[in-house]
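Working notes, beginning with the structure itself.
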Amino acid sequence: MAVPIKIKNLYEFNCIHNSDNVIKYCSIKRVFIRGKYKYYLLLTIEGKPALKRFDGELKHKVGQGDVGIDIGMQTIAITTPTSTEIQVLCDKIDRINDDKITLEEKMVRSLDASNPDCLYNNGVRKKGSKLTHKSKNYKKFAIKHKEIVRREGEIRRLQHNLLALYILSLGDNISVEKMDFNKIGEQFHKCRDLTRKLRTSIRIKAPSMLIRILDTKLQNNNLELHYVNSFKTKLSQFDHTTLQYIPAELNQRTKVIDGHVLQRDLYSSFLLMNTNPNCESINIEKCNNRFNDFLIAHTKEIERLKNQEYNTRSIGVKGKYN
């Protein structure tokens with residue numbers, strides 16, 4: 001069976017017809033879209049992907065310079081020698097996730113109504129009971145739920161790719177704190193509600209996916225992502241002006257550095273930008289030379305966050321900064 005190739009799509013044409021790229025595998029992928037199954041041919045090609053160009057020039061250029069990114073469960077702080085900012089991860093899927101939760105509640109109520117024998121008199125499900133009866137409404141809800149999950153995944157992947165390209169445009173020497181997001185919830189085992197909230201944020205925002213996409217794009221440009229050792233640098237505690245480590249509570253979103261009240265994530269990204277090549281220590285000379293520019297950029301970013309419509313309580317900009 002012959003598969004047509006869109007000649008107008010230069011990116012697909014260059015990927016397939018490049019002499020250095022060899023098609024290794026072909027597979028069929030079935031995707032459930034808007035109540036129907038659609039089939040796609042997936043080609044696994046050996047080598048690096050072709051670079052996208054527009055009018056002969058690279059569409060996504062890689063910048064030059066140091067970049068520090070401090071990524072959390074819901075936000076990411078990005079700092080360069082001339083700018084600093086905080087962005088909310090996958091902000092466009094928040095509304096979709098609310099719709100998904102509402103639909104899941106309807107599915108649970110419909111399933112309980114169709115299986116009254118599996119419930120106690122107080123409405124609690126019997127342990128080990130099998131809810132086999134599914135109504136027509138439940139099946140309709142299930143189809144809508146499947147479509148919402150698919151849309152959520154597509155939007156998440158698109159936003160992560162766009163954010164990774166934006167970070168690449170800022171610089172080529174990118175440093176990030178090495179984190180294991182799967183084990184973060186274990187630190188909050190005493191508070192079940194907080195642990196559930198963190199797991200939900202990790203599942204919806206997928207911060208590890210963003211790091212993986214960014215690392216892949218750097219490798220495609222013969223670059224590498226620098227993973228900073230968090231146990232040796234202790235970014236959340238370090239003060240580059242006094243060279244001291246001051247412990248802070250997890251809910252404390254600000255730090256006082258040289259008399260200036262700074263947002264904690266922004267300051268951590270500033271330290272990440274100024275790490276040494278061994279990724280195990282902070283370059284104090286770079287920090288001192290760039291600190292004044294960081295203060296100016298920090299003030300502008302805090303004012304922007306205070307004026308935006310998005311709820312900035314979790315970011316930590318409620319209060320006075322100087």
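The values are calculated or read from the model by the stated rules, or taken from the named source; none is laboratory data. As the structure is a prediction and not an experimental result, all values here were calculated from the model. Cβ coordinates were reconstructed from backbone atoms using ideal geometry, including for glycine residues, and neighbour counts include every protein chain displayed.
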Within 30 Å of Ser268 (Cα to Cα) and among the aliphatic types (A, V, I, L, M): which single residue out of Val88, Val124 fits that description? Val88
Residue ID - farthest from the chain's Cα centre (by Cα), chosen from residues in the range 143-181 that are surrounded by fewer than 14 Cβ atoms within 10 Å (Cβ to Cβ) and among the small types (Gly, Ala, Ser): Ser169
Hey, Ala297 hits all of (1) under 20 Å from Gln87 (Cβ atoms); (2) out of contact with any helix residue (DSSP H, G or I) (no Cβ under 9 Å at 6 or more places or on another chain) but one; which does it fall short on? (2)
Between a first residue in the range 90-111 that is within 16 Å of Glu152 (Cβ to Cβ) and a second residue that is outside any helix (DSSP H, G or I), which pairs have beta carbons less than 9 Å apart while being 6 or more apart in sequence or on different chains? Cys90/Gln74; Cys90/Ala206; Asp91/Tyr310; Asp94/Val88
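Just checking, which of Arg199, Arg192 is surrounded by 16 or more Cβ atoms within 10 Å (Cβ to Cβ), of a type outside the set (A, V, I, L, M), farther than 19 Å from Met273 by Cα and modelled with pLDDT under 90?
Values: Arg192 fails: surrounded by 16 or more Cβ atoms within 10 Å (Cβ to Cβ).
Of the residues listed, the single one that is surrounded by 16 or more Cβ atoms within 10 Å (Cβ to Cβ), of a type outside the set (A, V, I, L, M), farther than 19 Å from Met273 by Cα and modelled with pLDDT under 90 is Arg199.
Confirm whether Asn292 is in a helix (DSSP H, G or I), more than 30 Å from Ile93 (Cβ to Cβ) and touching a residue at least 12 places away in the same chain (Cβ under 8 Å). So that I can check it myself, show each step before the final result.
Numbers: in a helix (DSSP H, G or I): yes; more than 30 Å from Ile93 (Cβ to Cβ): yes; touching a residue at least 12 places away in the same chain (Cβ under 8 Å): no.
Answer is no for this residue.
Could you list all residues from the range 86-108 that are touching a strand residue (DSSP E or B) at 6+ places or on another chain (Cβ under 9 Å), of a type in the set (Val, Ile, Thr) and over 14 Å from Ser201 (Cα atoms)?
Quick first cut of the range 86-108, residues touching a strand residue (DSSP E or B) at 6+ places or on another chain (Cβ under 9 Å) only: 86-89, 94.
Next cut, of a type in the set (Val, Ile, Thr) only: 86, 88.
Of everything in the range 86-108, just one residue is touching a strand residue (DSSP E or B) at 6+ places or on another chain (Cβ under 9 Å), of a type in the set (Val, Ile, Thr) and over 14 Å from Ser201 (Cα atoms), namely Ile86.
Looking at Leu51, Leu43, which is the one that is part of a loop (DSSP other than H, G, I, E, B) and either exposed (fewer than 12 other Cβ atoms within 10 Å of the Cβ) or not hydroxyl-bearing (Ser, Thr, Tyr) (or both)?
Details: Leu43 fails: part of a loop (DSSP other than H, G, I, E, B).
None of the other options fit; the residue is Leu51.
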Which of (1) of a type outside the set (Asp, Glu); (2) on the phi > 0 side of the Ramachandran plot; (3) surrounded by 15 or more Cβ atoms within 10 Å (Cβ to Cβ) does Gly123 not meet, given it meets every other one? (3)
Given the conditions (1) surrounded by 11 or more Cβ atoms within 10 Å (Cβ to Cβ); (2) over 27 Å from Arg156 (Cβ atoms), which single one is not true for His17? (1)
Return the pair list, or none, for Cβ contacts closer than 8 Å from residues in the range 1-28 that are within 17 Å of Leu58 (Cα to Cα) and modelled with pLDDT of 65 or more to residues that are in a loop (DSSP other than H, G, I, E, B) and of a type in the set (Val, Ile, Thr), at least 6 apart or on different chains. Glu12/Ile5; Phe13/Ile5; Phe13/Ile7
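Do any helices (runs of 4 or more DSSP H) lying entirely in the range 207-274 carry at least 1 residues that are among the acidic types (Asp, Glu) and at pLDDT 90 or above, and which ones are they?
Ranges flagged: 207-220, 264-273.
Listed residues Ser175, Ser169; which is at pLDDT 80 or above, assigned to a strand (DSSP E or B), of a type in the set (S, T, N, Q) and on the phi < 0 side of the Ramachandran plot? Full working, then the answer.
Values: Ser169 fails: assigned to a strand (DSSP E or B).
So the residue among Ser175, Ser169 that is at pLDDT 80 or above, assigned to a strand (DSSP E or B), of a type in the set (S, T, N, Q) and on the phi < 0 side of the Ramachandran plot is Ser175.
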